[in-house]
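Scroll down for the structure; my scribbles are underneath it.
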Amino acid sequence: MILPIVGYGDPILRKETQPITADYPGLKQLIDDMFETMYNADGVGLAAPQIDRSIQLVVIGFRPYDEATDTYGEEEERHVLINPEILEEVGEKQYFNEGCLSIPDIHEDVLRPESIVLHWFDENFEEHNEQIDGMFARVAQHEIDHLHGKVFTDRLSQLRKTMIKRRLNDVAAGKVHPKYKMKRTNKR
Ligand code: ZN
């Protein structure tokens, strides 16, 4: 089932989320619904607060990019992160152009470490403690921010923040019309 996506300005995107256990009701269905919602919106990651659940759950899916051949792999890389925790930042910080399904039409370069050491549980509640890199590390960091009430525009310079302020206000006022369904609350 495709779920409506919560937009910038909704207080749930500013809340600290709660960890979950394996007996969280309807977890498997929720993960399926989050993947379906993400793919429908052409996203590469989705965090639970974006579908109105304040829990520590993230889905990620993308086709890996091969720099050597400048092509995208056929096989999709998929990850489910439950209760993820960044233990260490590794390597140089790099800029990468990010967007967010909760903030349609805004894309900005964001500085983040290229690799992280991450502790998480997958959809089978198997424990992982690994260094992750590349696209996986980038998307994971963006989504984990959501679990702590942060969005990518918080990480921009003061100048960039000022420049996009009007557009952010438009999103908060519901004056955006992406091709996917957004949750409308107190919006006109
Ligand atoms: Zn996002």
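The values are calculated or read from the model by the stated rules, or taken from the named source; none is laboratory data. Since we're looking at a predicted model, the values are computed, not measured. Heads up, the Cβs are rebuilt from the backbone with ideal geometry, glycines too, and the neighbour counts pull from every protein chain shown. The accessibility values were calculated without ligands, DNA or RNA, using every heavy atom of the protein model including side chains. Shrake-Rupley method; radii C 1.70, N 1.55, O 1.52, S 1.80 Å.
Considering only residues in region 47-56 that are outside any strand (DSSP E or B) and free of Cβ contacts under 8 Å to residues at least 60 places away in the same chain, the one that is surrounded by the fewest Cβ atoms within 10 Å (Cβ to Cβ) turns out to be S54. Among the residues of region 151-180, those identified as within 16 Å of the ligand (Cβ to nearest atom) and open to solvent by 80 Å² or more (accessible area, probe 1.4 Å) are R155, R167. Here Y65 meets each of (1) touching a strand residue (DSSP E or B) at 6+ places or on another chain (Cβ under 7 Å); (2) open to solvent by less than 70 Å² (accessible area, probe 1.4 Å) with one exception, condition (2). Of everything in region 9-41 that is among the polar types (S, T, N, Q) and part of a loop (DSSP other than H, G, I, E, B), the residue that is nearest to the ligand (Cβ to nearest atom) is T17. With the requirement that a residue be in a loop (DSSP other than H, G, I, E, B), more than 15 Å from M34 (Cβ to Cβ) and small (G, A, S), what does region 72-107 give you? Correct list: G73 only. Looking only at region 146-163, filter to residues that are touching a residue at least 12 places away in the same chain (Cβ under 8 Å) and in a helix (DSSP H, G or I); which one of those is nearest to Q56 (Cα to Cα)? Result: L147.
Within region 72-92, can one find any residue that is more than 19 Å from E130 (Cα to Cα) and polar (S, T, N, Q)?
Checking region 72-92: not a single residue is more than 19 Å from E130 (Cα to Cα) and polar (S, T, N, Q).
Selection of region 117-127 for residues being more than 30 Å from P4 (Cβ to Cβ) and part of a strand (DSSP E or B) yields V117, H119, E127.
Only one of V59, V44, V6 is in contact with a Phe, Trp or Tyr (Cβ under 6 Å, 6 or more places away or on another chain), open to solvent by less than 20 Å² (accessible area, probe 1.4 Å), at pLDDT 95 or above and within 16 Å of the ligand (Cβ to nearest atom); which? If you could, list the steps in order and put the result at the bottom.
On the way: V44 fails: open to solvent by less than 20 Å² (accessible area, probe 1.4 Å); V6 fails: in contact with a Phe, Trp or Tyr (Cβ under 6 Å, 6 or more places away or on another chain).
None of the other options fit; the residue is V59.
For region 68-84, a residue qualifies if it is open to solvent by less than 100 Å² (accessible area, probe 1.4 Å), in contact (Cβ under 8 Å) with a residue 12 or more places away in the chain and out of contact with any helix residue (DSSP H, G or I) (no Cβ under 8 Å at 6 or more places or on another chain), and the qualifying residues are E76, I82, N83. L81 satisfies every condition listed in (1) within 14 Å of the ligand (Cβ to nearest atom); (2) farther than 19 Å from D122 by Cα except (2).
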